[in-house]
Amino acid sequence: MNRCFRYAALLTLAALPLAAQAYPTPQQAAGLAAPGDMLISNATVLTASHGRLENTSILVRAGKITAIGPKLTAPAGTPVIDGTGKFVIPGIIDEHSHTAVDGGVNEGAPSVSAMARIKDVINPHDINIYRQLAGGVTIIHIFHGSANEIGGEDAVVRLKWGLPVDEMLYPNAPQGIKFALGENPKQTANPHGRYPATRQGVDDAIRTAFIAAQEYKKRWDDYHAAVARGETVYPPRTNLNLEPIVGILEGKVLVHSHSYVSAEMQGLIDISDEFHFHIATLEHCLEAYKIVNEIKAHNIGCSTFADDWSYKMEALDGIAYNAALLEHKGVRAAINSDSDERARRLYQDAAKVIHYGDVTEEQALQTITLNPAWMLGIDKTVGSIDVGKDADLAIFNGDPFGPSALVEKTIIDGRVFFDRAQDLANRKPVAMYEQLFKPPLSLGLADDGGGQ
Amino acid sequence: MKIASALLLAAACATAAAQCPHNSYAIKNATVITVSGSRLTGASVVMCNGVITAVGADAAIPADAEVLDATGLTVYPGFVDGFSQYGLPEERAAGRGARPDGAEVAAAQAREIAATLDGIPVNDPRRYLDPQPEGVESDRRTAELLDPPATLQAVRDSGVLASLVAPADGIFKGEAALVNLVGPDAPAMLIQPRAGQVIELRPAGGGGDGYPASVMGAVAVYRQTLLDARRLQTEIGIYQKAGEKGLPPPHYDPKTSALIPLLEHQQAAYFVASDWDAILRALKLADEFHLTTPTIIGATEADKAIPQLQAAHAAVLVSLSFAPAAAGGGFGRGGASPEVQARQRQAAEAVPAALAKAGVTFGFATYGMTARQQVVEQVKAAMRRGLSEADAWKALTLWPAQIVGAGNQLGSIETGKIANLVVASGDPLTGDSSNQWIVADGRLLPVHPAERPARGGDRAAGGNQ
């Protein structure tokens, strides 16, 4: 016991500096809560909307971009970041993420789990939030998993590390929902003893859900009509699993569907025509290049990987030219991570789109900024460097599409949420901490800790 | 044990007198830690019919009372356990700790699938558009499940004499009961049979294949179930307004009916939530349905949620396990290295002091502890991390009593309170000490020598998980 406590005291001493810097203190967080002012001077600005601007300054007031131009001045007291030699891009938006979800990303038991809500289970203390900030990411689109034909409701989250969840949710972002087609939903059928287990069954379950939602909506409409007529009636039962589907039918909830094979994407497009709803995004969509015209005609975005395919049967026909082919045809493409780790280097994945498909620098940048913003319905306020938009920015040490690019600062609402210089300074205590935990000490602790 | 207490009871009855015809006890010459007031020396505690009738150096001891001379001994109020499964049969108490092995799970699944295939076709839309949840046990009443096992003696010997009890499993775990941990039978144990609803926003099967299988699914089940209860409430209102005619009677589903007292603020809401995010989630979801100020059970990281706990005026029942949040639960935080676990444990030990400093109402609970004899040891760990002795006493007795709505009945040595006392040698929280006698519900019981607190005590017998 004594030995345990001696080590414990040592651990406390070692852990304190690390813990203090790994997660902002309430005081630090308070300083980040309100939108900020700043001037970034004399940088190379990749706007994602109107090209590359050299020797340009960006003025930020109360979290919004208020001026872009050469030699801007700021009122006295405004923090100034010298952008000489630096590149500034809009904050990166990861359109497909499962980061910071507590207690499972799939509610896999029923094949329709629209009642599940990612917003209920966001863990704002997940270290991956900080790591993704270090990759210039400012917004992530957190999805329910792909085990269900119709999965749960999503969350559009700004990576305001240190602040509570409510302050991380992007204000007024339309509600979205996750659909999934193909192998993932049908292979989840067996362990749960659930229907469906085939691609045609997946389509049937989705169609059935929409018919049920129509009937459900009618029950409520009839009820309201009866009440208006002065009748005494009981209200129908609220079914949280159908409410979001009614929202889709009413155009209030955006559909983002996990999909691989062109035929199944076409199948969902047909269902959307049948029930008159709009598909916001096809996720992954590795075979989207095969049905570009149909996708374009339905004004659907495609959120895909740069060059990742053949990791399962339905991914065999993926190609590295998918995003570029879509862009060339006028379909908006996004490059997403679907990964805690890849999210930190999305700018490199965007660079690959130039490498493989000869898109412009601006088109490549849009795949990780303006296009995902459009897919999420927030492109009017964020996603490019334009006057009036949110000051969500990433400052790189050089060209973000170059091989040695590093993020120096990540800014949300005019506040610096990641600063590489600060981070490097904080790594010293980590080294000290690692010294303390060489194997002999760990073994001693394990022996003693077990007797507690 | 039962025979011993029966003999004592008989002895007491034999000496009973007119003043207190059933039984009267007195403890004299003791150091009395009253908790509600100052520490008394050379004092007596007089009890009649299980209730304290006098306390103090000058308390008159009835001539017919059975007297224990406690010279050199200390008397303190029995601990009030904020949450446990004591008094429940093992299978009810098991909860998430005891998981069936893989083969049992597979067999159960096969049976379940076969059964549902027989009943509702697998492709019936009801199965995926309105899935039937597991873990909604809101109509389960702890008071009806109590079956005092012999192992309660070991609990009492550790000083815990009353507890808020409900089964450990489920999202809606059912109606809790406040119980005295002494028989002879279930009715005799009950202090408050309807003590609130206990809720935990985790999948009922700990992540099995039933619905829900995730925390967000559990939240959805919570929300849907309370919406159903609210609808029943609405139906009842409409039916009554219509003069109970012209409409079919409302559908009184037992599980939703049982939650109406919660919605109408007639019943307390307890949320089992250990880690930081789970606590914040519980507070938010209690607020979503305007439930009575919730009490958080477990609360291993409550110190991080102090502003939100204060804003909600929420009370906290801190688990004395000080176990890392969700350890072994397999939900996001499992598998931490020994170093990380040690750090989490230290942080948890510091939580009571932090809550006391911030003025958050809290008490202790043995919920989650694997060795019930370690209660005092665990409290001493919290004291080493800054919890004052006075606050430690209160957090073991008066504060949890107040939190569970029994501030007038339990938690201190005062006239009128239930006679739950422990007589110990030495000073229980600051020195070497061992419990000698227990007075449970007014009955004097010896501490069983074999069950005395000992380091590395009997884990098998002590396990409530």
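For segment B:178-189, the criterion of being surrounded by fewer than 24 Cβ atoms within 10 Å (Cβ to Cβ), in a helix (DSSP H, G or I) and not small (Gly, Ala, Ser) is met by at least one residue.
Taking the criterion of being farther than 22 Å from A:GLN187 by Cα, surrounded by fewer than 19 Cβ atoms within 10 Å (Cβ to Cβ) and in contact with an Asp or Glu (Cβ under 8 Å, 6 or more places away or on another chain), the only residue of segment A:308-333 that qualifies is A:ALA320. Listed residues B:GLY411, B:GLY363, B:GLY359; which is at positive phi, surrounded by 23 or more Cβ atoms within 10 Å (Cβ to Cβ) and at pLDDT 95 or above? Going through B:GLY411, B:GLY363, B:GLY359 in turn, just one is at positive phi, surrounded by 23 or more Cβ atoms within 10 Å (Cβ to Cβ) and at pLDDT 95 or above: B:GLY411.
Scanning segment A:246-267 for residues that are part of a helix (DSSP H, G or I) and closer than 17 Å to A:HIS298 by Cα yields A:ILE248, A:LEU249, A:SER262, A:ALA263, A:GLU264, A:MET265, A:GLN266, A:GLY267.
Step by step: first the residues of segment A:383-414, then only those that are touching a Pro at 6+ places or on another chain (Cβ under 7 Å) and among the charged types (D, E, K, R), then the one that is farthest from A:THR78 (Cα to Cα). Which residue is that? The selected residue is A:ASP392.
Candidates A:ASN293, A:ASN336: the one that is touching a Lys or Arg at 6+ places or on another chain (Cβ under 9 Å), of a type in the set (S, T, N, Q) and surrounded by fewer than 22 Cβ atoms within 10 Å (Cβ to Cβ) is A:ASN293.
In this structure, A:ALA109 does not qualify as within 13 Å of chain B (Cβ to nearest Cβ), aliphatic (A, V, I, L, M) and in contact with a strand residue (DSSP E or B) (Cβ under 6 Å, 6 or more places away or on another chain).
For B:ALA311, the stated conditions do not hold, so it cannot be described as in contact (Cβ under 8 Å) with a residue 60 or more places away in the chain, closer than 21 Å to A:THR25 by Cα and in a helix (DSSP H, G or I).
For (1) in a loop (DSSP other than H, G, I, E, B); (2) more than 28 Å from the chain's Cα centre (by Cα), each residue gets a yes or a no:
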site: A:GLN200; (1), (2): no, yes
site: A:ALA209; (1), (2): no, no
site: A:VAL227; (1), (2): no, yes
site: A:VAL233; (1), (2): yes, yes
site: A:ASN241; (1), (2): yes, no
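The requirement of being away from chain B (no Cβ under 14 Å), of a type outside the set (Val, Ile, Thr), buried (at least 23 other Cβ atoms within 10 Å of the Cβ) and under 23 Å from A:ILE411 (Cβ atoms) is satisfied by A:GLY91. Going by what's in this entry, would B:GLY87 be described as within 14 Å of chain A (Cβ to nearest Cβ), touching a helix residue (DSSP H, G or I) at 6+ places or on another chain (Cβ under 8 Å) and at pLDDT 90 or above? Spelling it out, it is not the case that B:GLY87 is within 14 Å of chain A (Cβ to nearest Cβ), touching a helix residue (DSSP H, G or I) at 6+ places or on another chain (Cβ under 8 Å) and at pLDDT 90 or above. Screening B:ARG126 against (1) at pLDDT 60 or above; (2) in a helix (DSSP H, G or I); (3) surrounded by 14 or more Cβ atoms within 10 Å (Cβ to Cβ); (4) within 13 Å of chain A (Cβ to nearest Cβ) leaves a single unmet condition, (3).
Only one entry of A:ALA100, A:ALA116, A:ALA134 meets the criterion of being touching a strand residue (DSSP E or B) at 6+ places or on another chain (Cβ under 6 Å), more than 25 Å from A:LYS186 (Cα to Cα) and within 12 Å of chain B (Cβ to nearest Cβ), and that entry is A:ALA100. Selection of helices (runs of 4 or more DSSP H) fully inside segment B:216-305 by the criterion of at least 3 residues being at pLDDT 95 or above and closer than 18 Å to B:VAL360 by Cβ returns B:276-288.
If only residues of segment A:342-354 that are over 10 Å from A:PHE401 (Cα atoms) and out of contact with any Asp or Glu (no Cβ under 8 Å at 6 or more places or on another chain) are counted, the one that is surrounded by the fewest Cβ atoms within 10 Å (Cβ to Cβ) is A:ARG345.
In segment B:256-280, the residues that are in the same structural domain as B:THR366 (by TED's automatic domain parsing) and touching a residue at least 24 places away in the same chain (Cβ under 8 Å) reach residues that are assigned to a loop (DSSP other than H, G, I, E, B) and aromatic (Phe, Trp, Tyr) with C-beta atoms within less than 7 angstrom, at least six apart or across chains, in these pairs: B:LEU263/B:PHE289. Tell me yes or no: at least one residue of segment B:186-206 is over 20 Å from B:PRO89 (Cα atoms), facing chain A (nearest Cβ under 10 Å) and touching a strand residue (DSSP E or B) at 6+ places or on another chain (Cβ under 9 Å). Yes, segment B:186-206 has at least one match.
The set of residues from segment A:402-452 being among the polar types (S, T, N, Q) and modelled with pLDDT of 80 or more comprises A:SER404, A:THR410, A:GLN422, A:ASN426.
The values are calculated or read from the model by the stated rules, or taken from the named source; none is laboratory data. Predicted model only: the values in this text are computed from it and were never measured. Neighbour counts are summed over all protein chains in view; Cβ atoms, including those assigned to glycine, are modelled from backbone coordinates with ideal geometry.
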